[in-house]
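The values are calculated or read from the model by the stated rules, or taken from the named source; none is laboratory data. Predicted, not measured: the structure shown is a model, and the values here were computed from it. Note: ideal-geometry Cβ built from the backbone for every residue, glycine included; neighbour counts use all protein chains shown. Keep in mind that these areas ignore ligands, DNA and RNA; they rest on the heavy atoms of the full protein, side chains included. Shrake-Rupley method; radii C 1.70, N 1.55, O 1.52, S 1.80 Å.
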Amino acid sequence: MKGKRKIIILCILCAMLITLGGVGFYYWYNNEHFVSTEDAKVDGDFISIAPQVSGKLLEFNAKEGETAVKNQIIGHIEVSGLKDENVESSLIRTPINGIVIKKEAEEGQYVSAGSTLAVMIDPEKLYITANIEEIKVEKLHEGQSVDIKIDQFEGKVFQGKVEYIGNASNSAFSLLPSSSGGTFTKVVQKVPVKIELEENHGNLLPGTNADIKIHIK
């Protein structure tokens, strides 16, 4: 019986060692060959629709979710004393081909020149923004291939490549002032990395969560 117990114990120890070795190899392999993060999202360039002059908004046909083409007239501002040759400046045109994702103004209200009346985005030019820990940034360079999983499409893996690596951490753009006194706690900073999608899926929603794995070897 004692011999059998020793064999069983040895088998258990071997199984534990194999399991621990497998887990260790898995983490070593992934750390050596990939930079991964769940701190990523679908992103895009948000473009404002803004008037050239100040005045009362007589007409504004922007609707959230609607598609428009560049320079399409979607509104008109009432401006007193405007000369005929300057009527063009009272028209509100769309700045890009895209979709209106947010409407900020309504007909009848007074608006100022340059103020945001609505926000558009081009669904054909979406990308992924991933926030990478500063200690891993040195492993990255433009052109590296990326595996992308987007929560909106469970089970689907998109392909992409590193397009741009930020020149400053996210905290550099914080509006809060840094504390010069008290107890200091070191926090790992994150650098934004822009990832271009190889295939742009028309139903991608800006702001949705993504997981990325950048191939570094």
- Hey, if we sort Lys217, Lys103, Lys186 by accessible area with the 1.4 Å probe, largest down, what's the order? Lys186, Lys217, Lys103
- Relative contact order %, the range 122-164, counting alpha carbon pairs below 8 Å whose residues are six or more apart: 32
- Message: In the range 33-169, if the dipole is taken from +1 on Lys/Arg beta carbons and -1 on Asp/Glu beta carbons about the Cα centre, which of Ser80, Asn167, Ala105 is farthest to the positive end?
- Response: Ser80
- What is the chain's relative contact order, in percent, from Cα pairs under 8 angstrom and six or more apart in sequence? 27
- Query: Per the helix-only calculation at 222 nm, which mean residue ellipticity applies to the chain, given -39500 (n - 2.57) for every DSSP H run of n ≥ 4 and division by its residues, nearest 500 deg cm²/dmol?
  - Reply: -5500 deg cm²/dmol
- Message: Using a 1.4 angstrom probe on the protein heavy atoms only, could you order Lys125, Lys190 from most to least accessible area?
- Response: Lys125, Lys190
- Got a sec? Charge dipole of the chain, +1 on Cβ for Lys and Arg, -1 for Asp and Glu; which of Pro206, Ala130, Gly114 is way out at the positive end? Ala130
- Message: With every protein chain left in place and a probe of 1.4 Å, what is the accessible surface of Thr185, to the nearest 10 Å²?
- Response: 100
- Message: Once ligands and nucleic acids are excluded and a 1.4 Å probe is used, how much of Lys156 is accessible, expressed in Å² to the nearest 10?
- Response: 80
- Query: In terms of the Cα gyration tensor, with a ≥ b ≥ c the square roots of its eigenvalues, is the range 109-177 rounded because a/c is under 1.5, prolate because a/b exceeds b/c, or oblate?
  - Reply: oblate
- Query: For the range 87-122, which GluC sites (Glu not before Pro) are both in a DSSP coil and crowded by at most 16 other Cβ atoms within 10 Å?
  - Reply: Glu104, Glu106, Glu107
- Would you list Ile9, Ile18, Ile47, Ile74 from the most to the least accessible area, probe 1.4 Å? Ile18, Ile9, Ile47, Ile74
- Check cross-link reach from Lys186 to the aspartates and glutamates: straight Cα distance under 18 Å, and skip same-chain residues fewer than eight apart. Glu133, Glu134
- Which whole-number value in Å² is the accessible area per residue of the range 57-160, probe 1.4 Å? 57
- Message: List the lysines whose Cα sits under 25 Å from the Cα of Lys102, skipping any in the same chain fewer than 8 residues away.
- Response: Lys41, Lys56, Lys63, Lys70, Lys125, Lys194
